[in-house]
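Below is one structure; the comments refer to it alone.
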Amino acid sequence: MQTAIRTMVRGLVVAAVMLTGARVDAQSPEDSPRPAAFVDTATVVPGLVVDMRYFGTGNFVGTRIEGYHAPVCYLTRQAAAALALVQQDLAPRKLGLKVFDCYRPVRSVMHFARWARNVADNSTKAEFYPDVDKKHLFRDGYIAMRSGHSRGSTVDLTLVTLPDERELDMGTRFDFLSPASGYGGYVSEQARANRALLANAMRARGFIPYEKEWWHFTLRGEPFPDSYFDFPVR
């Protein structure tokens with residue numbers, strides 16, 4: 001029964017995306033191979049710290065997300081190369097990058113959507129969305145039926161000090177669903193400065209920040225602007 005429900009929901013999401021004119025890798029079985037256009041970013045960005053939150057349980061859903069079978073950061077070759085330049089630019093400051101999420105399968109986005117619709121499950125509210133009513137997560141833009149991450153050139157990340165890999169204070173944790181996570185949110189002056197440092201470093205190498213999430217960046221001129229992939233992360 002659960003498999004049938006997942007299949008039905010997935011079909012509805014794919015249909016919804018198709019209505020927008022986007023292209024989806026819609027027939028991706030569980031063992032679907034990674035396209036050659038995607039690379040393991042850690043093999044391209046020296047010293048990249050990888051902390052894939054959706055492979056574990058420390059995320060706003062509170063469980064491993066469907067489609068994540070390994071803690072690997074996949075990105076398109078172009079996005080990974082640009083990220084390597086950001087890492088290179090930060091090195092003289094004794095700073096580096098730590099990624100929380102990279103390519104995200106369509107099936108993972110659907111998992112988010114199912115969780116968001118289950119308004120009775122608020123087990124992670126205190127930690128991830130204390131000031132937001134779960135029933136408004138779609139309306140307020142915190143959860144969506146499709147994600148730029150599925151196009152392969154969007155990355156969630158932060159700055160760390162080197163060599164101890166300590167995260168800089170950004171005012172909120174990653175995936176904190178709150179206006180405080182946006183660039184207009186109220187945070188300390190130090191956190192605001194750290195956010196600006198990250199955003200400027202990413203912009204310098206062609207990444208566009210997302211105003212509601214200090215950690216979210218998309219490569220300008222991404223190679224697959226209309227495609228949403230669904231191969232698993234493994």
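The table below lists the values:
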{"quantity": "Given charges at beta-carbon only (K, R positive; D, E negative), |dipole| of the chain in Debye", "calculated": "340"}
{"quantity": "Positive-end residue, the chain charge dipole about Cα centroid, Cβ charges, pick of Thr154, Pro92, Val61", "calculated": "Thr154"}
{"quantity": "Per-residue ³J(HN,Hα) for the range 93-101, Karplus 6.51 cos²θ - 1.76 cosθ + 1.60, θ = phi - 60°, Hz, x for Gly and Pro", "calculated": "8, 6, 10, x, 9, 10, 9, 9, 7"}
{"quantity": "Rel. contact order, % - alpha carbon contacts under 8 angstrom, at least six apart, the chain", "calculated": "27"}
{"quantity": "Candidate aspartates and glutamates - alpha carbon under 20 Å from Lys134, same-chain residues fewer than 8 apart omitted", "calculated": "Asp121, Asp175, Glu213"}
{"quantity": "Inter-part distance where the range 30-51 and the range 52-87 are each reduced to a Cα centre, Å", "calculated": "9"}
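Since every read-out is calculated from the coordinates, none of them should be taken as a lab result. No experiment lies behind these values; they were computed from the predicted model shown. So basically every Cβ, Gly included, is an ideal-geometry build from the backbone, and we count neighbours across all protein chains shown.
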